[in-house]
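The values are calculated or read from the model by the stated rules, or taken from the named source; none is laboratory data. For clarity, every value in this text was computed on a predicted model and none was experimentally measured. Cβ sites come from the backbone with ideal geometry, for glycine too, and all protein chains shown count toward neighbours.
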Amino acid sequence: MRRGILATRDELSALREKLTKSPFSALYARLQKRCSLILESSPVTERQWQAAWGQGQWGAAVRAARIVQGRIWDLLIAHHIDANRAYRDRAIEELKELVRWGTWTDPCYQPLPADLCTGEAALGAAVALDWLWEDLGQADRLRVLQAIRHKALEPYRKALREKVWWTSCYHNWNAVVNGGCGLAGLALGDDEPDAEEAYLAARSQLQHFFDAFGREGGWDEGLGYWAYAMRFLVLFGEAAGRLVDDQRVFHARGMDATGLFPVYFTPNGQPASFGDNPGSPTYGALYLLVRHFGLRELRWWLDTYAFAHDVSTTAPASAGLALLFRPDDGEAVDPSGLSPLRLFHEIGWAAMADAWPRPGMYVAAKTGDLAANHSHRDMNAMQLQADGEMLMIDLGSPPYSRKYFSEERGAFYEVQARGHNTITVAERDHRIDAQGRIIEAQSDGHFRWVACDAGDACGENVRFIRHVVMLVDGAGRGQAVVVLDDVTNAVPETVHQYWHVGGRIEMDAERRAGTIRGQRAALHFALGATVPSEVVTESHELGNGRSDFLLRVSAGVTDRALFATVFTRQGVGGDVRVRVFSSGAELKAGGVHLHFKARKNGLILDQAAMA
């Protein structure tokens, strides 16, 4: 077996030299607290996850394998820093339980011979065996080796022979299964030809992922699945570089830039993602992107937000890997190189902020490909944060289930266009094969502007372009966000515009204006249109004690209509007036004034001012 997959035992022991420095001392304290909690909990057994699956928990075995992996790694890193037999013995116990499992596949993915659980378990067991080699007897070593061979590498190679769907897909499954099984194959491949073959196959299959990975480093599955895929990619890449001097993962297109993707879409540490699994991806393994590419913005972001939550016994390894992979170059300073308007053209996402790294006003906008894995029917959707609180929100996804991943997925409210901050036409959902794009954008000291074209998402007869403008005062603080929806329709149909809020709505229906009040932040709003329209407040029960509160604007559109929504800190102070003329369009609302010129592809922002 090749040794030193992610670190040698000596390198783990040498981590104690970092502990007098910041932030390593705090990371170690967090790691010790987690390990102590693990000792107080019961080991993860197959019986536990089988029971959870029997009660309807989707992905129960995948989750269990991830928990085992995280526990073993953190326990062993802590043990090597400061020898603690209780940590080591518990890591051995968790590993032995994993080896006893009858299968390293999840029943929810049957009949696949290898799946996400296989990748998680293979990765966890290979690194665990490396770090425990001297602590295990020969019989236990052989049991672990046999488990990796028969429960990971053989099923993995069978899946390749059968050409199951994930072998040629581009998304997170590709990275997780190939990354986990490939690393295990690499570890055993020095004297086992079949294992080496698995490593070489994984390296080849990962090309499907990188073929879809653009130079900008964005990822159309969203933040949660970006992080899931990236965790396996960087660990596989690190192992390949250490063991056989194979650097191709970190030399792949987009890897040098991708570390900024989560920074731009987690303003003030809160996710502003789209699609399924929108959580904040704060894994300690991501420090490998800092180590390889010197991304000080990512280092600051991880230092600031990765460990702001409570310690858990069920989380993936994070604090231990942060101790291992974070560069030893002092505390991170606030990054100054982030752009106030960052466009990811390849996936159709945009992030705008009044200032970084802690924006007072922030907007995320999304167009792109609705056929992307884990995507929703959310063309031209957006989210808005003010003073660190999301006030225009994305609902995320409902709890995963077999029904959710079936042909009935489109029936879930959270997936539908009406469940997002966008529009529908004639109550049709957005077309799943629609392709949108960012068509224009500008930024200067007092405004940011992006225009998103929805393609045929609302129907072949409809053109829907959304303009989002942020107005910034002389002190660099965002004061207003204006959304102007330009809708052209060849037939008369009803348009509904939806605004889902993260707070309480107070509205004066006659003035078509009001306030959105969150826990600590608030924004005033006012609405206007070039056609008669109706504004109502609604609520929708999501289940599990969750409710959705929203504004719905409705209007009949024949030919063309503009819908304006103005969000401000101080109140609009008057009606929203929108005019369309042959040379462009104009919007006035209190002290807000926008002027657009007409061009072939639509309106171009010409002037933006706020009194």
Inset, instruction - Please find, among 319, 272, 308, the residue that is of a type in the set (A, V, I, L, M, F, W, C) and over 30 Å from residue 13 (Cα atoms). - result: 272
Inset, instruction - May I ask you to verify whether residue 49 is part of a helix (DSSP H, G or I), buried (at least 16 other Cβ atoms within 10 Å of the Cβ), aromatic (Phe, Trp, Tyr) and free of Cβ contacts under 8 Å to residues at least 24 places away in the same chain? - result: yes
Inset, instruction - Filter the helices (runs of 4 or more DSSP H) completely within segment 271-334 down to those with at least 3 residues that are without any contact (Cβ under 8 Å) to a residue 60 or more places away in the chain and more than 17 Å from the chain's Cα centre (by Cα). - result: 287-293, 296-305
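Inspect all residues belonging to segment 87-108 and state whether any of them is on the phi < 0 side of the Ramachandran plot and without any contact (Cβ under 8 Å) to a residue 40 or more places away in the chain.
yes
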Legend entry - Those residues of segment 110-134 which are of a type in the set (Gly, Ala, Ser) and over 17 Å from residue 160 (Cβ atoms), in sequence order: 121, 124, 125, 126, 128
Inset, instruction - Out of the residues in segment 175-227 that are touching a residue at least 12 places away in the same chain (Cβ under 8 Å) and among the hydroxyl-bearing types (Ser, Thr, Tyr), state the one that is nearest to residue 373 (Cα to Cα). - result: 225
Inset, instruction - May I ask you to list the residues in segment 149-200 that are at pLDDT below 95 and among the β-branched types (Val, Ile, Thr)? - result: 167
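Condition check ((1) among the β-branched types (Val, Ile, Thr); (2) under 17 Å from residue 68 (Cβ atoms); (3) in a helix (DSSP H, G or I)) across all residues:
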position	(1), (2), (3)
129	no, yes, yes
140	no, yes, yes
144	yes, yes, yes
150	no, no, yes
Inset, instruction - Could you tell me whether residue 558 is free of Cβ contacts under 8 Å to residues at least 60 places away in the same chain, surrounded by fewer than 20 Cβ atoms within 10 Å (Cβ to Cβ), in a strand (DSSP E or B) and not charged (D, E, K, R)? - result: no
Inset, instruction - Need at least 3 residues that are assigned by TED's automatic domain parsing to the domain that holds residue 606, modelled with pLDDT of 95 or more and crowded, with 23+ Cβ neighbours inside 10 Å per element, so show me which strands (runs of 3 or more DSSP E) inside segment 376-489 make the cut, counting only ones lying wholly within it. - result: 381-386, 447-453, 462-472
Inset, instruction - Pull up segment 561-584, narrow it to residues that are of a type in the set (Gly, Ala, Ser), within 36 Å of the chain's Cα centre (by Cα) and part of a strand (DSSP E or B), then point me to the one that is surrounded by the most Cβ atoms within 10 Å (Cβ to Cβ). - result: 564
Inset, instruction - Take the residues in segment 521-552 that are among the charged types (D, E, K, R) and at pLDDT below 95, then tell me which one is farthest from the chain's Cα centre (by Cα). - result: 541
Inset, instruction - Show the residue pairs that are 6+ apart or on different chains and have beta-carbon atoms under 6 Å apart, the first residue being within segment 21-38 and outside any helix (DSSP H, G or I), the second being surrounded by fewer than 23 Cβ atoms within 10 Å (Cβ to Cβ). - result: 22/331; 23/303
Inset, instruction - Read through the list (1) surrounded by 24 or more Cβ atoms within 10 Å (Cβ to Cβ); (2) of a type in the set (Gly, Ala, Ser); (3) within 18 Å of the chain's Cα centre (by Cα), then give the number of the only condition that residue 372 fails. - result: (1)
Inset, instruction - Identify all residues within segment 139-170 that are in contact (Cβ under 8 Å) with a residue 12 or more places away in the chain, under 19 Å from residue 101 (Cα atoms) and among the aliphatic types (A, V, I, L, M); write none if there are none. - result: 144, 145, 147, 148, 152, 153
